[in-house]
Amino acid sequence: MKARTFALFIAPSVVLMILFIALPLASVLVQSFYNTRQVFEVVQVENCTPGFLTSVCTTEERSRPKLDAAGRPVLETTFVGLDTYRLLLQPEAVAQALSAGGGGLPALFNLDFYRALRFTLTFTLLTGPFVIGIGLAVALAVNGIVRSLRGPVIFIMLLPFIITPVIGALSIRWLFIGDGILTVALEWLLGRDLSLFAEGWTLEILMMLYRVWHVAPFAFVVFYAGLQTVDQDTLESAIVDGASRFERLRYVVVPHLMPLIVFVTLINLMDSYRVFEEVIGFSSQAHRISLQYLTYSYLTPDETGNRAISRASASSMLTMIGIVFILIPLLVRTWRDHRVTR
Amino acid sequence: MVGVVLRNVTKRWGSFTGVHAVDLVIGDREFVVFLGPSGCGKTTTMRMIAGLEDPSDGEILIGDRVVNDLEPKDRDVAMVFQNYGLYPNLTVYENIRFPLKVRRVDASTHDARVRKAAAMVELGDLLHRRPKELSGGQRQRVALARAIVREPAVFLMDEPLSNLDAKLRVSTRAQIKNLQHELKVTTIYVTHDQIEAMTLADRVVVMNKGRFQQVGTPTEIYDRPANTFVAGFIGSPAMNLMDGAVAAGVFEAPGVRVPGLVGYPDGPATLGFRAEDAEVAAGPGGEIAAPVYSIELLGDATLVSVRVGPALVAARAPKTFRAEIGDPVSFRIGAAGCHVFDSASGERIEPAPAMASPGPARADLGSTMPIGATA
């Protein structure tokens with residue numbers, strides 16, 4: 001393709017990417033280095049109360065938001081460098097927690113950022129293998145059933161993926177919360193009272209269950225498509241060569257699906273590192289928060305109507321850096337494969 | 001002794017029958033080729049022997065065992081596929097070693113066996129490569145090495161040369177022939193290419209529409225085709241077939257009169273002869289006289305075709321023969337070079353024994369193998 005034609009084709013998406021991805025990202029990065037706050041001024045206020053003979057006057061100093069001519073609060077933006085990041089990461093508190101007698105990890109996880117990081121990482125790393133494993137198992141099973149049943153089965157399998165995430169999370173929540181039918185069923189099975197929403201770890205398990213239930217169909221569809229292109233000659237060679245079902249899976253099917261497995265893993269890592277719907281859907285803020293939720297909570301105006309924009313920016317920059325770090329091993333692997341195969 | 005026996009083997013899919021109750025005894029170390037057009041059931045028959053398809057009826061024996069209920073891996077067969085069926089993520093070495101590995105063969109013997117098998121197909125210096133870095137011919141040799149490394153009782157080859165270009169096909173064909181000779185393993189080979197069948201086979205099984213049409217040595221198949229299908233399938237060009245009638249030892253069709261067919265019953269019949277059994281002369285005079293329909297220069301000969309009724313009939317003339325389309329020519333065919341088939345069933349009709357003409361049509365065909373010459 002000629003360079004000019006190529007440029008014409010690629011231009012719209014480059015423009016849109018700059019407009020909607022690069023510029024906001026740069027803006028967030030810049031904002032994370034600045035702090036904006038209202039300017040307060042100290043004024044002397046004399047209050048006089050009516051009294052006998054003379055009124056009693058007291059003069060006191062009071063700080064109040066400075067208003068401009070139009071009556072709006074005056075804002076002042078200052079460059080604070082990495083101060084906001086320090087505020088988030090709280091290195092002194094970390095050192096304190098990890099020092100002898102500082103309380104160790106539990107103390108560390110009392111700090112908002114580390115609490116969110118702990119949950120986000122656990123969530124990301126634990127759901128991934130289950131999404132891949134269940135997706136692959138279902139794809140193999142569907143590939144094995146009679147052709148006429150495949151359509152309906154695929155449709156049913158896809159339903160969880162089609163549901164709006166928050167609605168899906170809510171429906172799971174209602175199944176388990178209080179006297180939800182599944183809680184009642186579990187209580188009946190285990191013969192004891194359960195309150196799955198009262199404790200952090202049960203909530204955490206439910207959130208992960210929901211995520212796997214929600215995303216596994218995506219993995220399933222991708223793997224199922226991949227299974228259709230497995231070389232039948234190779235598969236039958238393996239049968240005649242004496243490979244068991246498991247060996248065929250290991251030496252023929254999985255290597256064939258490997259690029260897809262890497263793809264699904266990448267997508268899933270990025271998605272689950274940005275876990276957010278679950279926190280809202282399961283109302284788990286009291287027990288478990290994620291990095292994305294942390295950003296959200298900084299953005300929520302407090303009682304005085306202020307948003308912690310710079311902290312939110314810093315937090316989202318840290319989330320992005322986290323995603324990049326977590327993707328590095330996979331990207332390196334893909335790059336190496338790509339170079340080997342040329 | 002490890003032969004393969006098919007007894008009444010049938011394959012049905014719903015109401016469609018792919019293979020009709022075939023019987024065959026393949027001897028130890030025999031090289032048998034299943035030959036037929038696509039969809040004739042030859043591959044299905046082989047897949048049933050491999051265990052990749054279950055027969056709907058009948059018995060398959062490998063050696064003395066009935067293998068119907070055995071898994072493919074327990075049948076002691078190795079198979080080579082048209083599309084090679086290599087493991088793309090494994091190196092050539094690991095590909096060849098794969099059957100030994102999954103069969104838990106003593107690991108200390110692997111290296112020697114892999115290298116020996118690779119050497120037999122001349123792959124020695126490619127062992128570290130991956131399949132995608134190999135040419136088609138090299139890939140098929142890897143597949144061959146993978147088949148021989150285990151020293152199976154039976155080789156099954158499903159159109160192994162079909163994806164190779166013409167030149168490579170000839171050399172790989174020779175390699176397969178030599179390999180089978182060296183290894184002395186019973187081999188079943190499926191192809192739609194009659195030249196492969198004729199050059200490789202000890203015996204050829206010609207199949208059509210799920211039935212065996214003829215089982216015999218290449219010479220038998222060529223010299224005495226059992227019916228019009230075999231006659232029309234084997235040979236290059238295939239045998240000329242003309243519909244007409246025999247009356248008192250004379251075959252007649254529009255423009256054709258072949259006398260001397262002693263011992264054949266009177267009535268409608270199909271007469272066949274091979275292009276090389278006819279002599280071409282300019283002008284009238286032979287058994288067949290007609291204007292030239294087409295003339296093809298083959299290099300070593302000239303192929304002259306004329307129309308007889310709806311059929312196109314070809315004869316080989318010397319390479320110097322020249323004629324224009326439309327020129328009158330005649331073909332001289334002796335009764336000895338003629339084959340007579342029943343016009344309804346297509347089956348070969350042998351002359352009545354008492355009046356049989358002496359000797360087969362051409363006794364020397366087996367050694368000269370004329371079909372190869374035109375390839």
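The values are calculated or read from the model by the stated rules, or taken from the named source; none is laboratory data. Because the structure is predicted, anything quoted here is derived from the model rather than measured. For neighbour counting, all protein chains shown are included, and Cβ atoms are generated from backbone atoms with ideal geometry for every residue, glycine included.
List of remarks:
- Residue list for region B:310-321, filter: surrounded by 13 or more Cβ atoms within 10 Å (Cβ to Cβ) and not aliphatic (A, V, I, L, M): B:Arg316, B:Phe321
- Only strands (runs of 3 or more DSSP E) whose full extent lies in region B:105-214 are considered here, and the ones with at least 2 residues that are hydroxyl-bearing (Ser, Thr, Tyr) are B:186-191.
- Applying the condition of being facing another protein chain (nearest Cβ under 8 Å) and surrounded by fewer than 22 Cβ atoms within 10 Å (Cβ to Cβ) to region A:252-272 and asking which residue is nearest to the chain's Cα centre (by Cα) yields A:Met258.
- Where a residue in region B:61-87 is at the interface with another protein chain (Cβ under 10 Å from one of its Cβ atoms) and its partner, wherever it lies, is outside any loop (DSSP other than H, G, I, E, B) and surrounded by fewer than 19 Cβ atoms within 10 Å (Cβ to Cβ), with Cβ under 6 Å and at least six apart: B:Phe81/A:Asp233; B:Asn83/A:Asp233; B:Gly85/A:Asp233
- In region B:88-114, the residues that are surrounded by 18 or more Cβ atoms within 10 Å (Cβ to Cβ), over 25 Å from A:Asp337 (Cβ atoms) and more than 7 Å from every other protein chain (Cβ to nearest Cβ): B:Leu100, B:Arg113, B:Val114
- The criterion of at least 3 residues that are among the aromatic types (Phe, Trp, Tyr), away from chain B (no Cβ under 14 Å) and out of contact with any strand residue (DSSP E or B) (no Cβ under 7 Å at 6 or more places or on another chain) is met, among helices (runs of 4 or more DSSP H) falling completely within region A:144-250, by A:200-227.
- Residues of region B:268-284 satisfying the condition of being surrounded by fewer than 22 Cβ atoms within 10 Å (Cβ to Cβ), among the aliphatic types (A, V, I, L, M) and farther than 21 Å from B:Pro237 by Cα: B:Ala282
- Screening B:Ala344 with (1) exposed (fewer than 13 other Cβ atoms within 10 Å of the Cβ); (2) over 28 Å from the mean Cα position of the chain (by Cα); (3) under 21 Å from B:Gly249 (Cα atoms) gives one miss only, at (2).
- Residue check for B:Thr219: at pLDDT 90 or above, surrounded by fewer than 20 Cβ atoms within 10 Å (Cβ to Cβ), assigned by TED's automatic domain parsing to the domain that holds B:Arg103 and not aliphatic (A, V, I, L, M): yes
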